[in-house]
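Notes to accompany the following structure.
The values are calculated or read from the model by the stated rules, or taken from the named source; none is laboratory data. Worth saying up front: this structure is predicted, and the values here are computed from it rather than measured. FYI the Cβ positions are ideal-geometry reconstructions off the backbone, even for glycines, and counts take in every protein chain you see.
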Amino acid sequence: MSNGIEQALIGGVDAGTVILLPALGELISQRAGVINLGTEGALLAGALTAFAAASSTGSAWVGVGAGILAGAACGLLHALVVVLRGADQLASGLVIWFLALGMTSIFGSDYVGLTVDPLPVEKIPGLGSIPWLGPILFTHDVLVYVGILLAPLVWFVLWRTRVGLLVRACGERPEVVATSGGHPRIVQIAAVTVGSALAGLGGAQLSVAYVGNWFDNMTNGYGFVAVAVVLFASWRTVRVLGGALLFGVALASASVLQAHGVSVNQYLLDALPYLVTLFALVALTRSSGSDAPEALRRALSRSG
Amino acid sequence: MTAEAVAGTDLEPESLHEARSRSWRTQWAQPDWWQLGWSAGVLLASLIVFSIITALLGSNPFSIYSTMLHAAVLDHGTLSQTLLRSIPIALAGLAVAVPARAGLVNVGGEGQLIMGAVAATGVGLAFGSAVPGPVSWLAMAIAGAVAGALWAGIAGGLRAVLSANESVTTLLLNFIANDVMLYLIYQPWKDPNGSGQPQSKPLSHDEVLPKIFGSDLNLGLILAAVVALGIWLTLKRSGWGFALRVAGGNPIAAIRAGLPVKRLIVSSMLVGGALAGLGGALNFAGVETQLRPGITASFGYVAFLASYFARHSPLRVVFASVVFSAIALAGNGLQVKDGLDGNVVDVLLALIVLGPLVLGVRKGRRA
């Protein structure tokens, strides 16, 4: 069974990256005071666009670039609607998800059943040879390393730079930023767009690296899970990293358990990651309510 | 200039705003022509964008609308289909609208519809032809409502006790509900006679809701209409409906006024879930009669869009649900006649809701 645990952890890091990238994006967005349920749509759009571009150019890297752009486009739309029009954030996000669901279903039907050469697995010299830990942490495709390196980078930018201070100020008191001569709306639009671009990158990790093909609605709610992860992580980067990996391991465990012939129904196992997320959300939210960026709390209580 | 004005946010609760200045009746009595014209223009813009998308897909951007009209309303039997499909959408839409009064965002209509259908299936299969049809109908409807209420109640309880964000928990519960349903379809309830298609055993003949008016419509439509009317009256006239609006409009004032805000949160989610669960049960017992994967066909999400489009006003939600149901059904026609992917109508639905968000129809929001 120790072999199974190793498999679950290896797969968990791969799958966890699919959650980690949009979750980091959502963290930036929510720190700027905008919740983006359209993250699910950006993930889906990123996955299809990346796959389509990779499959027609033959280069997975072109796919990755295209996925980022598709994600950014979804985010820009959400940002314009909620920041400039003052529309309800949750409603706008869901509409954008629904739009992405329909669009990817129509334009993706030609790509169902095709495969692309996925991003190669790069074993990091030296570190990758460490027994047990090597395969789990240091034998993945490049986007996994990008995701893991982005976590400290996002932390550094948000908490140790002027730009980060500006973003967080917009998430707490946009009026203060405005009074001191800043442009909170521009900052918010930029933050949501960049965040959503990361979700597009996550979609690329899913379609051209982790799975290597495309099917309808392949993100299956992972973008919503990413939003949940940010909430139960109390908007802290380290906890976002942990939460994403937790979901990834739960996701990978389901298939590993099956491969080991555990006689539990497949669909009950499929529910496991969502149950884990829900449980974590419930167990950890109690303390986090007051940590929410203030403008975000205002935006959420305005819903309805 | 106030702080809120700078932030571009409007803190005045929609529900109170509505109650004060544009109740349903006054709106019809004195239509704001500029407003109506603008709304029509926004709708037209959505349709133009949709036409461009279908043209990109190689269809005639004009003839699709006649195809859609025929597939949803004009062709023989299609109007009944539209009305039948609008039952789960309207009830799940009210499941969004009721908690919205209390300031809650219920995105769990899909999961609540599924649990309603699952519970109705369980009861229907257990009773079989052992009891008279009407007993079975009632039991299935009640079981569906209870299951939907419990499923939504989880999110309501978590919100009230632990302040867990209900929009996220209801979303996660949708995926869990779907997996629960798939488990039941593939294992305990699997139809041994199903020819390769995974589905539950069928309802016995007597248990299927009877047809009415000599048409394809069934008893579920009448029940749904009565329930929708009841909800409209309850929200408008009852103390509970008023308390919900106060709690949603200004929770702090509500607490100071001694209103049981937590109980209101949970009860609004329970009522909402019961409505959606009933919708799932009626759709199952009247139309589907066998549980199958994808039985809800995203109705829960379409309902969410319908409720937002109708700004959570019960009668408008029902009206929007019928229109959205027609659009959803029109996808079949587009698939057959124009060779488009049936899901293209999801894009149209999203565009119709997105239009007002982008171009702004709401009065008072532009100030």
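Would the stretch A:106-116 turn up any residue that is under 12 Å from residue A:199 (Cα atoms), within 14 Å of chain B (Cβ to nearest Cβ) and of a type in the set (A, V, I, L, M)?
Residues of the stretch A:106-116 that are under 12 Å from residue A:199 (Cα atoms), as a first pass: none.
No: the stretch A:106-116 contains no residue that is under 12 Å from residue A:199 (Cα atoms), within 14 Å of chain B (Cβ to nearest Cβ) and of a type in the set (A, V, I, L, M).
Only residues that are buried (at least 20 other Cβ atoms within 10 Å of the Cβ), small (Gly, Ala, Ser) and farther than 28 Å from residue B:243 by Cα were counted across the stretch B:69-127, and they come to 7. Go through the stretch A:241-288 and count every residue that is away from every other protein chain (no Cβ under 14 Å) and among the β-branched types (Val, Ile, Thr). The qualifying residues number 3. Looking at the stretch B:257-273, can you tell me whether even one residue there is in a helix (DSSP H, G or I), more than 13 Å from chain A (Cβ to nearest Cβ) and either under 28 Å from residue B:66 (Cα atoms) or of a type in the set (Gly, Ala, Ser) (or both)? Yes, the conditions are met somewhere in the stretch B:257-273. If you go through the stretch A:250-296 and pick out every residue that is modelled with pLDDT of 80 or more, assigned to a loop (DSSP other than H, G, I, E, B) and among the aliphatic types (A, V, I, L, M), you end up with 0. The set of residues in the stretch A:250-266 that are crowded, with 22+ Cβ neighbours inside 10 Å and of a type in the set (Val, Ile, Thr) contains only A:256.
On inspection, residue B:122 fails the criterion of being touching a His at 6+ places or on another chain (Cβ under 9 Å) and away from every other protein chain (no Cβ under 14 Å).
Of note, residue B:297 does not satisfy the criterion of being in contact with a helix residue (DSSP H, G or I) (Cβ under 9 Å, 6 or more places away or on another chain) and within 12 Å of chain A (Cβ to nearest Cβ). Applying the set (1) crowded, with 24+ Cβ neighbours inside 10 Å; (2) in contact (Cβ under 8 Å) with a residue 60 or more places away in the chain to residue B:346 leaves exactly one unmet item: (2). Applying a threshold of 7 Å to beta carbon distances and a minimum spacing of six or more residues, or different chains, the list of pairs starting in the stretch A:85-102 at a residue that is in contact (Cβ under 8 Å) with a residue 12 or more places away in the chain and ending at one that is among the aromatic types (Phe, Trp, Tyr) reads A:91/B:308; A:94/B:304; A:98/B:301.
Here are some residues: A:75, A:102, A:41, A:93. Which one is closer than 28 Å to residue B:307 by Cβ, part of a helix (DSSP H, G or I), within 14 Å of chain B (Cβ to nearest Cβ) and modelled with pLDDT of 95 or more? Outline the logic, then answer.
Working: A:75 fails: within 14 Å of chain B (Cβ to nearest Cβ); A:102 fails: modelled with pLDDT of 95 or more; A:93 fails: modelled with pLDDT of 95 or more.
Criteria check complete, one pass: A:41.
Suppose the filter is in the same structural domain as residue B:170 (by TED's automatic domain parsing), of a type in the set (D, E, K, R) and under 25 Å from residue B:108 (Cβ atoms); does residue B:256 pass it? No, not satisfied. Please verify whether the stretch B:286-294 includes one or more residues that are over 20 Å from residue B:177 (Cα atoms) and at pLDDT below 90. Within the stretch B:286-294, one or more residues are over 20 Å from residue B:177 (Cα atoms) and at pLDDT below 90.
With the condition kept exactly as written, say whether any residue in the stretch B:209-216 is surrounded by 14 or more Cβ atoms within 10 Å (Cβ to Cβ) and either within 14 Å of another protein chain (Cβ to nearest Cβ) or touching a Pro at 6+ places or on another chain (Cβ under 7 Å) (or both). Scanning the stretch B:209-216, I find no residue that is surrounded by 14 or more Cβ atoms within 10 Å (Cβ to Cβ) and either within 14 Å of another protein chain (Cβ to nearest Cβ) or touching a Pro at 6+ places or on another chain (Cβ under 7 Å) (or both), so the answer is no.
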